[in-house]
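Enquirer: There's a structure below that I have some questions on.
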Amino acid sequence: MVCPCAAQTTEPTALGVLPDSASWTVKYGDRKVAPTGELHIVEIQISKSGGTRHTVTTYGNGLRGEVWFTNYTFLTRKPGEPDAQIRVMDVDPIHPVIPLPTDFEDLAWVVRSTFVKKGEWKGRAANVYDRDMKPGAETPPGNCVAWIDSETRLPLAVREDGVERSYHFTPFSGPLELPAAFLVKLDEFKKQVAADAIRRRRIP
């Protein structure tokens with residue numbers, strides 16, 4: 001018997017779009033088996049405004065990592081590292097060597113072909129998607145399932161390999177401004193880039 005979900009769907013093919021300025025938090029549920037020697041994620045906080053994005057990742061040991069993205073430049077501080085070890089990297093907007101940040105980059109598979117059924121998440125009407133859903137399958141595999149709000153089309157929750165993560169959207173309280181330690185590193189980086197450019201021009 002073919003899954004009847006195909007006959008039920010008139011769902012949009014794309015996730016909802018957040019406004020230019022927005023804030024949200026992704027909270028991870030408990031793991032069934034604690035990873036060995038691995039920093040597992042507990043929470044991710046994201047804020048964006050006017051091309052600037054700030055992401056703070058909290059790990060199970062309480063440490064936090066931090067990433068700023070502004071003017072196609074990444075500034076990264078890994079968990080537990082001091083200000084002196086903040087890393088700065090420019091990205092070519094046309095041919096980036098690493099992906100540019102997007103709002104829900106891990107949910108690109110939420111499309112019409114992976115729609116399973118209408119359902120709900122904690123009382124909220126939702127469209128349910130399965131990443132590994134195949135046309136004509138009797139039942140979806142269930143290894144990676146997403147609940148997308150039927151009204152806003154924003155993610156409510158995802159269950160992947162037995163671990164649930166939920167999405168919580170809050171009013172943007174901006175503005176987003178680089179902290180002093182990151183500004184210092186960014187200034188040092190720009191001066192180094194300018195010095196390197198001058199040096200290359202002098203080479204015959």
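Enquirer: Is it true that Val128 is surrounded by 18 or more Cβ atoms within 10 Å (Cβ to Cβ), of a type in the set (A, V, I, L, M, F, W, C), outside the structural domain of Pro82 (by TED's automatic domain parsing) and over 17 Å from the mean Cα position of the chain (by Cα)?
Expert: Working: surrounded by 18 or more Cβ atoms within 10 Å (Cβ to Cβ): yes; of a type in the set (A, V, I, L, M, F, W, C): yes; outside the structural domain of Pro82 (by TED's automatic domain parsing): yes; over 17 Å from the mean Cα position of the chain (by Cα): yes.
When the stated conditions are applied, Val128 passes them.
Enquirer: Sticking with this structure for a sec: In this structure, is Ala194 in the same structural domain as Gly50 (by TED's automatic domain parsing), over 22 Å from Thr55 (Cα atoms) and either among the hydrophobic types (A, V, I, L, M, F, W, C) or assigned to a loop (DSSP other than H, G, I, E, B) (or both)?
Expert: Against the criterion (in the same structural domain as Gly50 (by TED's automatic domain parsing), over 22 Å from Thr55 (Cα atoms) and either among the hydrophobic types (A, V, I, L, M, F, W, C) or assigned to a loop (DSSP other than H, G, I, E, B) (or both)), Ala194 qualifies.
Enquirer: Given the criterion among the aliphatic types (A, V, I, L, M) and exposed (fewer than 14 other Cβ atoms within 10 Å of the Cβ), identify the matching residue among Ala181, Ala108, Ala146.
Expert: Of the residues listed, the single one that is among the aliphatic types (A, V, I, L, M) and exposed (fewer than 14 other Cβ atoms within 10 Å of the Cβ) is Ala108.
Enquirer: If we keep just the residues of the stretch 59-103 that are hydroxyl-bearing (Ser, Thr, Tyr) and outside any loop (DSSP other than H, G, I, E, B), which is nearest to Pro175 (Cα to Cα)? Reasoning before the result, please.
Expert: First, the residues of the stretch 59-103 that are hydroxyl-bearing (Ser, Thr, Tyr): 59, 70, 72-73, 76, 102.
Filter once more, keeping what is outside any loop (DSSP other than H, G, I, E, B): 59, 70, 73, 76.
Working: Tyr59: 26, Thr70: 13, Thr73: 18, Thr76: 19 Å.
Across the stretch 59-103, the extreme among qualifying residues is Thr70.
Enquirer: Going by the structure shown, is Thr57 out of contact with any strand residue (DSSP E or B) (no Cβ under 6 Å at 6 or more places or on another chain) and closer than 20 Å to Lys27 by Cα?
Expert: Values: out of contact with any strand residue (DSSP E or B) (no Cβ under 6 Å at 6 or more places or on another chain): no; closer than 20 Å to Lys27 by Cα: yes.
Taking the combined requirement at face value, the residue does not satisfy it.
Enquirer: Here is a follow-up. Being buried (at least 18 other Cβ atoms within 10 Å of the Cβ), within 26 Å of Thr76 (Cα to Cα) and touching a residue at least 60 places away in the same chain (Cβ under 8 Å): is that true of Leu186 here?
Expert: Judged against the criteria, Leu186 is a match.
Enquirer: Also, quick follow-up: Residue under question is Ala146, and the condition is that it be under 19 Å from Trp24 (Cβ atoms) and in a strand (DSSP E or B); does it hold?
Expert: yes
The values are calculated or read from the model by the stated rules, or taken from the named source; none is laboratory data. Remember, predicted model here, so these are calculated numbers, not experimental data. Every residue, glycine as well, gets a Cβ built from its backbone with ideal geometry; the counts of neighbours run over all protein chains shown.
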